[in-house]
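Here is the structure we will look at.
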Amino acid sequence: MNIYKNITLHLYKFRNIMAFIDNVLQEPSYGWKDENGNVVIPSNKELFKELFRRINIFESKKNWVSMIGWFWVLCMSPFLVLFVAKYFSLKLFACFFVYAMIIMSTHATVWYHRYCTHRAFTFSNSFWKFITQNLVIKVIPEEMYVVSHHVHHSKSDMPGDPYNSTAGLWYCMLADTNHQGINKELNEVEYQKASNFLAHTGVPLNNYETYQKWGSIAHPVHTLALWVFNWSFWYTAFYLIGGHALACTMFSAAMVWVVGVRAFNYTGHGKGKLEHKDGIDFDRSNLSINQMRPGLFAGEWHNNHHLYPASARSGFLPHQIDLAWCYIYSLYKIGGVKKYNDSKKHFFTNYINVKKEEELEVAV
């Protein structure tokens, strides 16, 4: 009887979790799935209509968090114009490339992905947390990334996945605005669960009454204050190193990165097709694949990550260099990180060694 009671309890908890996951994000006007249960693939017209509706803060101030990312992109666009028209050189382009492709990407993997979302490691104190949070030019609010990424892992490549690759490139490109904002009508219990996703990040959390007013977990005043501090610090730092030319270069790189990264989940999930390779992609429960460029430049070995989402290291095989892990482990060695999860040993035990044993059995 106790066995059946435990099974029933686990099933009840699972249904509650999935009901919450299904409801935590604001559903787009075209819906997540059709009457047959398949993912809705909206037209580009529908996607852009949803975009303009979601960023309209004059219609509702609760749209502020969906609007803020594109507002930051707009604010960075003059830097890109100046970089291209006035300051461009091969030396500065090299700086642009390294900052956009490697530094911004690696930071996103460390901060947003492995720490904020999956808690793959723990900082020793708030100082190192704050330093890591602001290690680059800030272009993404934590709330927009973290909550939706939990949904992505629960519903990868299924209806409700906020950046479902099977729905096309623009579905992913506009996901931060169209699909990643939290539901504006959560009840108090649901809101508490949603805000708990960010409780460890250091971001001040709204109480339920403030959430009802602003439709967000973070308060716009805090978000904007941190943005002003971060941009002021980094523009000053880059200016002191290399003048307006270097500052414009780096802000341009941040802008190009934050626009381009929106396409990652489309390519990182095989462009909606089954593209797994034997001996490289071991998680076959979703469409995620390990790609060389995101892997080498940012430690984003995406199939490995789906296999072990709570691991602070995703580069398991010898060729899979993991710069994000290098940062985390370096902080651990100097005392900035207190503890971390590393699934490399488990990966080799359960996938590489098992495969070798199976091959030996076949040979015998």
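Please go through (1) over 28 Å from residue 250 (Cα atoms); (2) free of Cβ contacts under 8 Å to residues at least 40 places away in the same chain; (3) surrounded by 15 or more Cβ atoms within 10 Å (Cβ to Cβ); (4) not basic (Lys, Arg) for residue 219 and return the number of the only condition it doesn't satisfy.
(1)
So, in segment 182-192, exactly how many residues are out of contact with any strand residue (DSSP E or B) (no Cβ under 7 Å at 6 or more places or on another chain) and crowded, with 16+ Cβ neighbours inside 10 Å?
Step one: list which residues in segment 182-192 are out of contact with any strand residue (DSSP E or B) (no Cβ under 7 Å at 6 or more places or on another chain), which gives 184-192.
Right, trim to crowded, with 16+ Cβ neighbours inside 10 Å and you get 186, 190-191.
Qualifying residue count, segment 182-192: 3.
Determine which member of the set 110, 81 is under 21 Å from the mean Cα position of the chain (by Cα) and in a helix (DSSP H, G or I).
Numbers: 81 fails: under 21 Å from the mean Cα position of the chain (by Cα).
Testing whether each residue is under 21 Å from the mean Cα position of the chain (by Cα) and in a helix (DSSP H, G or I) leaves just 110.
Being closer than 23 Å to residue 170 by Cβ and either surrounded by 17 or more Cβ atoms within 10 Å (Cβ to Cβ) or in contact with a Cys (Cβ under 6 Å, 6 or more places away or on another chain) (or both) is the filter here, so list the residues in segment 47-63 that pass it.
Selection gives 47, 50, 51, 54, 55, 63.
Mind listing whichever residues of segment 55-74 are touching a helix residue (DSSP H, G or I) at 6+ places or on another chain (Cβ under 9 Å), touching a residue at least 60 places away in the same chain (Cβ under 8 Å) and either more than 28 Å from residue 232 (Cβ to Cβ) or among the hydrophobic types (A, V, I, L, M, F, W, C) (or both)?
Listed by number, the residues that qualify are 55, 64, 65, 67, 68, 70, 72, 73.
Being out of contact with any strand residue (DSSP E or B) (no Cβ under 9 Å at 6 or more places or on another chain), among the basic types (Lys, Arg) and either free of Cβ contacts under 8 Å to residues at least 40 places away in the same chain or closer than 17 Å to residue 107 by Cα (or both), is that true of even one residue in segment 318-341?
yes
Go through (1) of a type in the set (A, V, I, L, M); (2) at pLDDT below 95; (3) crowded, with 20+ Cβ neighbours inside 10 Å one by one and return the number of the condition residue 263 breaks.
(3)
Taking the stated definitions as given, is residue 289 in contact (Cβ under 8 Å) with a residue 12 or more places away in the chain and touching an Asp or Glu at 6+ places or on another chain (Cβ under 8 Å)? I'd like the intermediate steps shown before the answer.
Values: in contact (Cβ under 8 Å) with a residue 12 or more places away in the chain: yes; touching an Asp or Glu at 6+ places or on another chain (Cβ under 8 Å): yes.
Yes, satisfied.
Can you pull out every residue in segment 84-96 that is part of a helix (DSSP H, G or I), surrounded by 13 or more Cβ atoms within 10 Å (Cβ to Cβ) and of a type outside the set (A, V, I, L, M)?
87, 93, 95, 96
Six or more apart or on different chains, Cβ under 7 Å: which pairs go from a residue in segment 110-124 that's under 16 Å from residue 144 (Cβ atoms) to one that's in a loop (DSSP other than H, G, I, E, B)? Could you list them?
Final answer for the pair search is 112/140; 116/201.
Assess whether residue 135 counts as being part of a loop (DSSP other than H, G, I, E, B), surrounded by 20 or more Cβ atoms within 10 Å (Cβ to Cβ) and hydrophobic (A, V, I, L, M, F, W, C).
Spelling it out, it is not the case that residue 135 is part of a loop (DSSP other than H, G, I, E, B), surrounded by 20 or more Cβ atoms within 10 Å (Cβ to Cβ) and hydrophobic (A, V, I, L, M, F, W, C).
Quick one: which helices (runs of 4 or more DSSP H) lie wholly within segment 148-251 and hold at least 3 residues that are under 17 Å from residue 66 (Cα atoms)?
Values: elements: 169-173, 175-178, 188-196, 208-214.
Qualifying helices (runs of 4 or more DSSP H): 169-173, 175-178, 208-214.
Just for segment 232-250: of the residues that are of a type in the set (A, V, I, L, M) and within 28 Å of the chain's Cα centre (by Cα), which one is surrounded by the fewest Cβ atoms within 10 Å (Cβ to Cβ)?
Let us first name the residues in segment 232-250 that are of a type in the set (A, V, I, L, M), namely 237, 240-241, 245-247, 250.
Going one step further and asking which of them are within 28 Å of the chain's Cα centre (by Cα), we end up with 237, 246-247, 250.
Values: 237: 13, 246: 22, 247: 22, 250: 29.
Within segment 232-250, the match that is surrounded by the fewest Cβ atoms within 10 Å (Cβ to Cβ) is 237.
On the basis of being in a helix (DSSP H, G or I), closer than 24 Å to residue 186 by Cα and modelled with pLDDT of 90 or more, does residue 20 make the cut?
Values: in a helix (DSSP H, G or I): yes; closer than 24 Å to residue 186 by Cα: yes; modelled with pLDDT of 90 or more: yes.
Against the criterion (in a helix (DSSP H, G or I), closer than 24 Å to residue 186 by Cα and modelled with pLDDT of 90 or more), residue 20 qualifies.
The values are calculated or read from the model by the stated rules, or taken from the named source; none is laboratory data. Just so it is clear, the structure is predicted and the values come from calculations on it, not from any experiment. Cβ: placed from backbone, ideal geometry, glycine included. Neighbour counts: every protein chain shown.
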